[in-house]
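Student: Take a look at the following structure, please.
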Amino acid sequence: MVRNILGDAAVLDLSPYLALTDDPAALTDLAIYNLLPDPVAGAERQSVVDAGSAVSAGNPNRRVEYALYRVAVTRLQVQR
């Protein structure tokens, strides 16, 4: 669970993502499904998977944070 300055009013459950940290492709797919309105495929998806794979598997929280961030900014980078 992640809490912020709002205290218990806003809580983000990362457990579905943490369960997938050993599989960067599945982690990426879940993040895409939950964050983007349209599917991501091909080179665009693979670049997110590759970037997530570069984060140490020994740091699952960081791997999840990075995957969520990369998916969230993927479309921003493409639309420039």
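Student: Count the net charge of all other residues whose Cβ sits under 10 Å from the Cβ of Val48, scoring Lys and Arg as +1 and Asp and Glu as -1.
Tutor: Local charge sum for Val48: -1.
Student: Arrange the peptides 64-74, 33-43 so that the one whose residues have, on average, the most other Cβ atoms within 10 Å appears first.
Tutor: The most tightly packed comes first, giving 64-74, 33-43.
Student: Separate question: May I ask you to derive the FRET efficiency for Asp23 and Ala43 from their Cβ-Cβ distance with R0 = 25 Å, giving the value to the nearest 0.05? Write down the numbers at each step before the final one.
Tutor: Working: r = 20 Å, r/R0 = 0.79.
The value I calculate is 0.80.
Since every read-out is calculated from the coordinates, none of them should be taken as a lab result. Being a predicted model, the structure only gives us computed values, none of them experimental. Neighbour counts are summed over all protein chains in view; Cβ atoms, including those assigned to glycine, are modelled from backbone coordinates with ideal geometry.
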